[in-house]
Amino acid sequence: MLRLRSLCALFAPAIVLVTVNGGIAADPKQARPIEALDTVMIEDMTWMEVRDALAAGKKTVIVATGGVEQNGPYLATGKHNVILRATTNAIARKLGNALVAPIVGFVPEGRIEPPSQHMKFPGTVSLSEETYEALLTDICRSMRTHGFERIVMIGDSGGNQDGMQAVAEKLTKAWQAEASKVKPAPRLVYIPEYYAYDVVNAWLKKQGIKEVDEGYHDSFVITAQMMFVDPSSVRMQQRIAAGKFKINGIDLAPAEKTIEWGRKIVDFRAAATVAAIDKQFAAEKVDGK
């Protein structure tokens with residue numbers, strides 16, 4: 001009996017450590033045992049890869065909001081989230097010092113009961129403005145805790161914009177009030193230029209792409225970006241079979257050409273967004289000396 005008690009005493013600390021850590025005894029400072037994956041998407045990274053990226057200077061994080069809503073008969077309800085997979089990746093890589101937080105897939109889409117706006121259509125998921133802003137607040141606070149020094153907020157849908165601006169203003173004010181020389185406030189900005197589709201459409205017109213609105217919650221500029229990420233998200237094969245592989249008067253065939261347009265549009269939007277981000281932080285640096 002005495003020997004059994006001695007063994008229990010010997011292994012008790014290890015047993016407690018395993019239980020507390022969900023079965024894995026992890027040391028935050030332990031070395032990463034394998035090569036890191038080439039990605040800027042935090043959701044696809046291990047915690048060690050995020051830690052080491054921060055240590056290497058990637059202290060800007062992009063917090064992007066998408067949505068799940070009705071988008072006409074051809075596009076997946078996660079349209080905005082699909083597009084953000086491409087645009088956020090392109091923006092982060094162009095910045096060179098940034099990672100991308102998990103995309104915020106749920107946003108205000110209309111009143112839930114009784115339903116309004118997109119909530120009148122099955123598949124839509126909506127948040128109240130209060131819930132949305134609370135979610136963004138906690139995400140940004142999480143990024144601050146992990147050591148990110150610049151937080152960039154962008155949204156791929158119109159209903160997302162006001163909440164992001166409100167959260168950016170509230171947190172900036174709160175963080176500046178509690179900032180010190182030891183713990184300076186992260187720089188948090190909302191970038192409306194990302195959602196400037198009027199600029200994108202004007203650029204496309206100069207390239208000879210002119211749309212005629214057919215009344216769908218859909219367009220060539222959206223479809224091309226989605227096809228660049230995943231052709232099935234716009235039901236490419238099904239539309240080809242039904243003779244409906246076109247939108248707003250523009251033929252989407254050959255698919256390779258539309259996908260290339262999608263790549264160009266993503267690159268155009270990413271470049272414009274990076275320019276806006278650099279301008280914003282440069283202005284803040286001047287104001288704050």
Segment 104-116, residues that are touching a helix residue (DSSP H, G or I) at 6+ places or on another chain (Cβ under 8 Å) and either in contact (Cβ under 8 Å) with a residue 60 or more places away in the chain or not hydrophobic (A, V, I, L, M, F, W, C) (or both): 105, 108, 109, 110, 111
Neighbours by Cβ (under 8 Å, 6+ apart or cross-chain): first from segment 238-255, more than 13 Å from residue 212 (Cβ to Cβ); second of a type in the set (Ser, Thr, Tyr): 239/74; 244/74; 252/223; 252/258
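Out of all the residues in segment 242-289, which are in a helix (DSSP H, G or I) and open to solvent by 90 Å² or more (accessible area, probe 1.4 Å)? Break it down into steps so the answer makes sense when it comes.
First pass over segment 242-289, keeping only residues in a helix (DSSP H, G or I): 242, 255-288.
Correct list: 256, 257, 263, 279, 285, 286, 287.
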Any chance residue 144 is open to solvent by 70 Å² or more (accessible area, probe 1.4 Å) and either over 16 Å from the mean Cα position of the chain (by Cα) or not hydroxyl-bearing (Ser, Thr, Tyr) (or both): no
Residue within segment 187-196 that is in a helix (DSSP H, G or I) and of a type in the set (A, V, I, L, M, F, W, C) present: no
Residue in segment 40-50 that is assigned to a loop (DSSP other than H, G, I, E, B), out of contact with any strand residue (DSSP E or B) (no Cβ under 7 Å at 6 or more places or on another chain) and modelled with pLDDT of 90 or more present: yes
Residue in segment 128-146 that is assigned to a loop (DSSP other than H, G, I, E, B), over 24 Å from residue 54 (Cα atoms) and free of Cβ contacts under 8 Å to residues at least 40 places away in the same chain present: yes
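The rows are residues; the columns are (1) within 22 Å of residue 197 (Cβ to Cβ); (2) not charged (D, E, K, R).
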| position | (1), (2) |
| --- | --- |
| 101 | no, yes |
| 105 | yes, yes |
| 120 | no, no |
| 129 | no, no |
| 144 | no, no |
| 149 | no, no |
| 159 | yes, yes |
| 166 | yes, yes |
Filter result (free of Cβ contacts under 8 Å to residues at least 24 places away in the same chain and loosely packed, with under 11 Cβ neighbours inside 10 Å) within segment 38-76: 38, 55, 56
Single residue of 165, 161 found to be in contact with a Phe, Trp or Tyr (Cβ under 7 Å, 6 or more places away or on another chain), free of Cβ contacts under 8 Å to residues at least 40 places away in the same chain, within 18 Å of residue 87 (Cβ to Cβ) and in a helix (DSSP H, G or I): 161
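The values are calculated or read from the model by the stated rules, or taken from the named source; none is laboratory data. This one's a predicted model, so the numbers in the text were calculated from it and none came from an experiment. Backbone-built Cβ (ideal geometry, glycine too); neighbour counts: all protein chains shown. What goes into the accessible areas is simple: the full protein's heavy atoms, side chains included, and nothing from ligands, DNA or RNA. Shrake-Rupley method; radii C 1.70, N 1.55, O 1.52, S 1.80 Å.
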